[in-house]
Amino acid sequence: MADPYAVEKREGNIFALGLETRTRELIQGEAADPLLAAVQFAINANVLDDGAQYQLDREAALTSCRQPLVVNHYPALQQSLAQKPDILYLADNCGEIVFDKLLVEHLLARGCKVTVAVRRSPIINDATLDDAIACGLDRICPVITNGADVPGTPLESCSAEFQRHFTTADCIISKGMGNFECLSEVVAPIFFLFIVKCTTVLAYLTGRFPEAGLRIGSPVLLRGQQNGQERTGRCGWQS
């Protein structure tokens with residue numbers, strides 16, 4: 001099908017690929033915790049979003065991983081990764097997936113098994129299989145599509161293959177606000193990684209974390225619901 005964002009997506013991938021070598025060096029230079037640095041760069045790369053309510057400065061976001069996480073459930077993620085889990089990694093946007101690849105490299109180095117899921121069809125600047133191939137993700141881990149053609153992961157619309165991966169994964173890393181909007185109420189071992197880029201998500205998170213000082217542009221690593229009700233997603237927010 002025609003891709004109205006083809007030019008923007010290609011430019012986003014080229015921009016990010018141009019930063020890949022330098023970013024890998026910066027991550028490896030973080031002797032105290034390279035994994036945390038990879039996580040922070042992957043979160044900061046969520047600014048590469050042509051469908052967001054607020055567009056943020058991508059150069060400023062991607063020159064450093066020093067911006068602290070405003071919602072920080074990194075210790076819980078570390079505990080999960082220590083078990084060398086089978087990870088389903090839900091990608092979001094073009095360009096951003098280059099930084100996802102750098103994080104996936106660290107997950108693989110820790111003995112985790114990783115499968116990356118992208119969108120089935122072009123939608124805004126969300127990453128598809130062609131984009132994953134262009135950025136080299138397919139050369140380091142399996143890449144599948146979620147079977148959906150919306151800017152998120154509504155489970156009821158996803159393919160049977162994707163749903164099998166989702167229900168059997170030991171750990172799910174979910175990138176971006178669209179995936180968060182769809183999966184925020186799903187009970188599963190999910191960690192949400194994204195930049196706050198709309199007022200609806202900002203208001204929701206501020207209600208949950210009133211002392212955090214959240215704002216547009218805040219980086220978030222949020223552990224999802226781990227137990228309780230049946231796994232059912234809701235994809236109804238508008239940004």
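The values are calculated or read from the model by the stated rules, or taken from the named source; none is laboratory data. Bear in mind that the values here come from a model prediction, so they are computed numbers and not experimental data. In this analysis, Cβ positions are derived from the backbone assuming ideal geometry, glycine residues included, and neighbour counts consider all displayed protein chains. Note: accessible area is taken over every heavy atom of the protein model, side chains too, but ligands, DNA and RNA are not part of it. Shrake-Rupley method; radii C 1.70, N 1.55, O 1.52, S 1.80 Å.
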Below 8 Å, C-alpha to C-alpha, sequence gap of six or more: please give me the relative contact order for the chain in percent. 22
How many Å² of accessible area per residue for the chain, probe 1.4 Å? 43
Can you compute the FRET efficiency between residue 223 and residue 138 using 1/(1 + (r/R0)^6), with r the Cβ-Cβ distance and R0 = 25 Å? Round to the nearest 0.05. 0.30
Residue separation times 0.36 nm, minus the C-alpha to C-alpha distance between residue 209 and residue 113: what's the value? 31.4 nm
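Quick one: pull the percent of accessible area on the chain belonging to carbon and sulfur, 1.4 Å probe, ligands and nucleic acids left out.
49
Just tell me the longest site-free run in the chain, where the sites are trypsin sites (Lys or Arg not before Pro) in a DSSP loop having at most 16 other beta-carbon atoms within 10 Å.
Working: sites that count: 66, 110, 215, 231, 234.
Between exposed loop sites, the widest span is 111-214.
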Residue order for 143, 220 - accessible surface, 1.4 angstrom probe, largest first: 143, 220
Assuming a ≥ b ≥ c are the square roots of the Cα gyration tensor eigenvalues, decide whether region 120-165 counts as rounded (a/c under 1.5), prolate (otherwise, with a/b larger than b/c) or oblate. oblate
Taking every DSSP beta bridge with both residues inside the chain, roughly what % is antiparallel (nearest 5)? 25
Reachable lysines from residue 175, Cα under 16 Å, same-chain residues fewer than 8 places away excluded? 101, 197
